[in-house]
1. Checking the condition out of contact with any helix residue (DSSP H, G or I) (no Cβ under 7 Å at 6 or more places or on another chain), outside any helix (DSSP H, G or I) and among the acidic types (Asp, Glu), which residue from ASP14, ASP5 passes?
2. Please pick out the residue among ASP60, ASP56 that is open to solvent by 60 Å² or more (accessible area, probe 1.4 Å) and in contact (Cβ under 8 Å) with a residue 24 or more places away in the chain.
3. Would a scan of the range 37-46 turn up a residue that is open to solvent by less than 40 Å² (accessible area, probe 1.4 Å), within 30 Å of SER124 (Cβ to Cβ), not in a loop (DSSP other than H, G, I, E, B) and not β-branched (Val, Ile, Thr)?
4. Counting just the residues of the range 6-36 that are under 16 Å from ASN90 (Cβ atoms) and either of a type outside the set (A, V, I, L, M, F, W, C) or without any contact (Cβ under 8 Å) to a residue 40 or more places away in the chain (or both), which one comes out most open to solvent (accessible area, probe 1.4 Å)?
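The values are calculated or read from the model by the stated rules, or taken from the named source; none is laboratory data. Keep in mind that this is a model prediction, so the values were computed, not measured. With ideal geometry, Cβ positions are generated from the backbone for all residues, glycine too; neighbour counts draw on all protein chains shown. Note: accessible area is taken over every heavy atom of the protein model, side chains too, but ligands, DNA and RNA are not part of it. Shrake-Rupley method; radii C 1.70, N 1.55, O 1.52, S 1.80 Å.
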Amino acid sequence: MYDGDIPKYKQLIDEINSLEDVRRKGVCTGRREMENYIPLVLIEEEFGCDLVDFIDIWDDFNVPDHLCKVSYQHISDYKIREKAVKGKLNGSVVKKVTKELLEDFGVYEEMKDWFVQIKKMYDSTILEKELI
């Protein structure tokens, strides 16, 4: 699984999928990166910011970069600030995500499909081991 913001990953995914091996499947997110799947309401709540102006471009919006510009200004080193922002997003914020929030945000079905694909790969690997 790769973030959708790196073009070379799409080529790798095409190569993986062209093998038609049920044990392997490449997937590229429809949005820029995983942070774009976190419902805005949770990000706004955690970082005390308003993101409504970015909703129309959200799929391609650089969420961590924007948050680095509006929060954690006490951290002068940008890389450290970005690590802190991503840590917060992918730590305590994602723990607040619910199925309902994902459905309201319009990403539930895509994310569900990722797990369906992972289960298919897992099941095919288990079946292969049982046949050996």
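1. ASP5
2. Within the list ASP60, ASP56, the selection yields ASP60.
3. yes
4. ARG32
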